[in-house]
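Input: a single structure, listed below in structure tokens.
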Amino acid sequence: MLFRVIRVHDWPTYDGWIWLDGYELNAAGDAVERRSIFVQVSGLRAVGKAPDPRARNGRQPGLVSGTIQARTVRTNR
């Protein structure tokens, strides 16, 4: 299972085990479900840094693309 960790809990557990909060990822790297999982530290494997979501969608903050259609307001006269 691919899992994006957002928090490591400091809850007391068995030696070598931890609770993690995060998101299960699909093959495309999209978060599909938020989960809390109880795992053995020795069984974890880092697969790399998460991609920057801004680079993925191709947009940059503050830039407007295309035109926005003005809405016509009708008045009853």
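Scanning the stretch 3-17 for residues that are touching a Leu at 6+ places or on another chain (Cβ under 9 Å) and either farther than 19 Å from A46 by Cβ or surrounded by 13 or more Cβ atoms within 10 Å (Cβ to Cβ) (or both) yields F3, R4, V5. Residues of the stretch 39-49 include at least one that is part of a strand (DSSP E or B), open to solvent by less than 70 Å² (accessible area, probe 1.4 Å) and at pLDDT 90 or above. Note on the stretch 52-73: residues that are part of a loop (DSSP other than H, G, I, E, B) and either among the aliphatic types (A, V, I, L, M) or at pLDDT 65 or above (or both) amount to 6.
The values are calculated or read from the model by the stated rules, or taken from the named source; none is laboratory data. Computed from a predicted model, the values in this text were never measured in an experiment. As a convention, Cβ positions derive from the backbone with ideal geometry for all residues, glycine included, and neighbour counts pool all protein chains shown. Remember, those area values only see protein heavy atoms, side chains included, never the ligands or the DNA or RNA. Shrake-Rupley method; radii C 1.70, N 1.55, O 1.52, S 1.80 Å.
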